[in-house]
Structures are given as C-alpha cells and as structure tokens.
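Colleague: Below you'll find the structure I mean.
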Amino acid sequence: MKPETPHSAPRHTEVVDVHLILRRGAEVLLSRRANTGYADGLLHAPSGHVEDGEDVRAAMIREAAEEVGVTLAADDLSVALVMQHRGPGGRPRTGWFFEASYDPADPPSNREPDKCSGLSWHPLAALPDGMVAYCRAGLDAYRRGERFVLHWHEDDDPIAYDDPVRDRKVPLRESGTSGSVHHVELWVPDLAAAERSWGWLLGALGYVPYQRWEKGRSWRLGGAYVVLEQSPALLGDRHERSAPGLNHLALRARDPAALDTLVSAAPEHGWTLLFPDRHPFAGGEGHRAAYLEDGDGYEVEVVVEGG
C-alpha cells in the first residue's frame, strides 16, 4: 500500500448508521425524535451509529435493544437496503436498513425517553407527514424493492420530507435482474374477497401493499410483486388449477414455526389446507410445505427451504 505523503489528500471517511424496519404486518414502527438538537419532532425509524470495532448487524441488534427494548438475534435480521445519504449541507454517510418482524412476546417500548417522545405504528403504504427525509427515502425504497440507493440533498433542502417532487432518491441498477420475475398477475372474480384472503397471506409472508386502483391491488416483496385484478374481461367465476395454465404459486416461509403459525391462522382468512393427512410433507419426504387453497380455487404452496 502506498504511504500517504504530507501533500496527499486526506482519505474519505463516512459515518455508518443502521436503521430498523420493524414490521407488524403491513405496518412499520417509527419513533419521534426529541431533545437531540437534530430533526426534533420528526418521525424516524429506530437507528444509530455503528461503533468502532462493531459490524453493522451487531450495531443493529444493540440499537434495537437500547432504543426500543427489542431483543433480536442475528437470524432475526434481513438486509433490506443500503443507502448512501448526504443531508442538507452535511457530509455523506452510509445507512444499512435491516428488516425484522414484530414479536408479540417482545413488544417495543420507549427506552430512551430523553431522546424520543413516543413510538407509533404506521402503514408502509401510507406513511405519515412529519418524517425525516432520509428515513422516508429509505422506507419508500424498501416498499418499491430498491436495494441500493443514493440520496443526496441539495444544501437548501429541508431535513423533513415535505414534497414528493423533491425526491432525491436515486436507485442504483442491480446486477443479475435480467430475466427475473417482475410481477405475477391473477384475475379474480371478487376483488374484495381476494384482498381479504391474499392480503393477509402476502402480508404474513412479508409483502408490502404496493399499488391500489379501482379494480386492482398489488403487494411487493423485493424486486417482484403480486397483482390481483377484477378485470371486466375475466371469463368464468372460479380458477381451475388442473386446467392448462397456472397450477399454483410457491412462496417461501421463514422457518417451520412461521409455517405452523400461518397454517393455524389460514382458515379464518379464507384458506383451506389441502392434503391435511400428509401435511407438512405432502410434497414429498423432506419437503416441508403447506398447500393452501382460497375460495376462488387458487392454490399457494408455502415452502420452508431446508425442511
């Protein structure tokens, strides 16, 4: 490595921070900043700086415990996105946004009342006013499935998110996306009924409400989304999975416990467990999955990889 000389330019350094996207179904936890001298009164996700000698995952686990009293293990966290951000008139920093699921047995609480005036849950599809623009850009990117993002303010921009026209977020192109699934569209005979059943199922699997129009809804996870549409061109009033065309969708569950919870709750949301006498290995030995059918005849296989 070439040593620096007295005339060398100083090396670039950046603060690294971590942000928790704590999901409760279609909602996300936000905290209201107070008495910090920066963005007080605005909403922000639980967050903090990475300390010397600490990796970003360890920092997120620590910050979650310190700020909102949530105990997380490494396997509880998934990387949602990475964003390089520059605040108005400030220096660049890099933010790592991690996703975790709400655990009713370990509810969040305000552990830093000197810095936070309260916690609240908000729908990701309809985020509130009065948010820090940095956090809002991160959550908007997350909802759209954007994984790597630049967010550089102009010097005279406000700290608060105030205008969608002044959106400084620039998604970076990812490698390996050519040929990947963009979206799956299902035509349904009763949109309201389908929204109740599919909205619950997709939300339980981590999907976020994405688009909404008179005859359609969509939910997104990562770079792909699922569309339900009650099209006037629809023929018939029930899907027949044994006819030519789509037999079923296969979606991943996180682990066996998550699959069991999903199967237990499925009937009250309009889903019937298929092949109950062979569950959870109806697909073969070592293939742990639940096969669910909704009232319109659509089948979903919910799989736990690794059995």
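Colleague: Return the FRET efficiency for the residue pair Ser242, Ala193: r is the Cβ-Cβ distance, R0 is 25 Å, and the value is rounded to the nearest 0.05.
Modeller: Computed FRET efficiency for Ser242 and Ala193: 0.70.
Colleague: To continue, here is another question. May I ask for the angle, rounded to the nearest 10°, between helix 56-68 and the longest principal axis of the chain, with both axes built from Cα atoms and the value confined to 0 to 90°?
Modeller: Tilt relative to the chain: about 90 degrees.
Colleague: Helix 191-204 versus the longest principal axis of the chain: what angle, 0 to 90°, nearest 10, using Cα atoms?
Modeller: Roughly 50 degrees between the two axes.
Colleague: At a Förster distance of 35 Å, what's the computed FRET efficiency of Arg252 paired with Arg111, Cβ-Cβ distance as r, to 0.05?
Modeller: Computed FRET efficiency for Arg252 and Arg111 comes out at 0.60.
Colleague: Same structure, new question: By how many degrees, 0 to 90 and rounded to 10, does the Cα axis of helix 133-143 deviate from the longest principal axis of the chain?
Modeller: Value to nearest ten degrees: 20.
Colleague: Treat segment 223-307 as a sphere of radius equal to its Kirkwood radius over Cα pairs and apply Stokes-Einstein at 10 °C in a medium of 1.306 mPa s; give the translational diffusion coefficient in µm²/s, rounded to a whole number.
Modeller: It comes out at roughly 113 µm²/s.
Colleague: Excluding Ala141 itself, calculate the net charge of residues whose Cβ lies under 9 Å from the Cβ of Ala141, where each Lys or Arg counts +1 and each Asp or Glu counts -1.
Modeller: +2
Colleague: Give, as a single signed number, the net charge of other residues whose beta carbon lies under 12 Å from the beta carbon of Pro267, with Lys and Arg counted +1 and Asp and Glu -1.
Modeller: Surrounding charge for Pro267 is -3.
Colleague: Radius of gyration and Dmax for segment 165-213's Cα atoms, expressed in Å?
Modeller: 15.2, 40
Colleague: Mind jotting down the distance between the C-alpha centroids of segment 235-307 and segment 116-155, whole Å?
Modeller: Segment 116-155 and segment 235-307 have Cα centres separated by 34 Å.
Colleague: When ranked by the protection proxy of mean other Cβ atoms within 10 Å per residue, highest first, what sequence do the peptides 216-223, 99-106 form?
Modeller: 216-223, 99-106
Colleague: Counting other Cβ atoms within 10 Å, which GluC sites (Glu not before Pro) in segment 212-307 have at most 12 and lie in a DSSP loop?
Modeller: Glu214, Glu240, Glu285, Glu305
Colleague: With each pseudo-label sitting 7 Å past Cα toward Cβ, what's the Trp213-Ala265 distance in nm, one decimal?
Modeller: A separation of 3.0 nm, rounded to one decimal place.
Any read-out appearing in this document is the output of simple, stated calculations on the displayed coordinates, not a laboratory observation. Predicted, not measured: the structure shown is a model, and the values here were computed from it. Counting neighbours? That spans all protein chains shown, and the Cβs are built from the backbone with ideal geometry, glycine included.
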